[in-house]
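Student: Next up is a structure, given as structure tokens.
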Amino acid sequence: MARGRAYSLDFRIAMMKQHAQGRSFSTLSRETDVPRDVLRRWWQRYRQGGELALRPRSRRPRRSPTQVPAATEAAILALRTQGLGPARIALQVAPSVSTVYRTLVRHGRQQLHPPVPRTVRRYEKTRPGELVHVDLKYLPSLENRAEFEFAAIDDFTREAVVWIAGARTTRNATTFLEHLVAVFPFPIEAVMTDNDLVFTMRFAYYRHRRTRFERPVRVSALLIAGCAPTPPRATAKSNASSKPSTTNASRFISRRPVPLEPASFTTLSGTTIINELI
């Protein structure tokens, strides 16, 4: 029998009735995996008080010498209301810092300002090419060769383009962007990426520099600054297309690292890059 296992009142009554009919504790123990000493204890309680005496009893100890007194807990909660942390509360009351923290956890007061879950508002674009998500994913090395997957997906049509490149460089990112303009049957108005260094250096030491990926396009500072931090499930739709896909909606440029023919930079003059803050 597992230690601390609780048996229902109906089960206990059934066992005692079978023993009253003549079945031994050894037989009942083999059939139910209940120790014989437990059955004997139930039998003594059953003979003294009947069925009601078999009700499960509380396992709480009768006394707890190390328990924090109620007055001390009230003082801890009162100091917590004033905005004090466990270390500062421990300076004014007897318990240690760990005891104060356990008391706060027991009462659900370990956080001064519990975070309020933010509602994610998903959006949908109104026309093809209004926003294209571009992402980069590292693929496991096969045949001692590093491979990187560039993925793009249109927010409106969900049409995706995937390219497996042999290097993680801003030149390959630019080549992939140029190819997007050539293969998509609609003009691209805006491109959303994460803050990978192949796309932007806005969080690098030389943040004033522009990568090769940013040079052929016209960057809108208003759109970049106005893109608030958002979870990937709300904006990074290109993460879904990073998985191997064989559907008709995905266009595989290549399954092996091969160079692409560069397009003209003039085709990107009307595109805006947005770097999401994730």
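FYI, it's all coordinate maths here, none of it is from the lab. Computed from a predicted model, the values in this text were never measured in an experiment. Neighbour counts are summed over all protein chains in view; Cβ atoms, including those assigned to glycine, are modelled from backbone coordinates with ideal geometry.
Student: Checking a compactness column here: for the range 9-54, what do you get for Rg(Cα) / (2.2 N^0.38 Å), N being the number of residues?
Tutor: Its radius of gyration relative to the 2.2 N^0.38 Å reference: 1.01.
Student: For the range 1-110, run through the chymotrypsin sites (Phe, Trp or Tyr not before Pro) and keep only the ones in DSSP coil with at most 16 other Cβ atoms within 10 Å of their Cβ.
Tutor: In loop regions of the range 1-110 (DSSP not H, G, I, E or B), the sparsely surrounded chymotrypsin sites (Phe, Trp or Tyr not before Pro) are TYR7.
Student: Using modelled amide H (1.01 Å from N, peptide plane; none on Pro or chain starts), what sits under 5 Å from the amide H of VAL191, excluding residues fewer than 5 places away?
Tutor: VAL132, THR272, ILE273, ILE274
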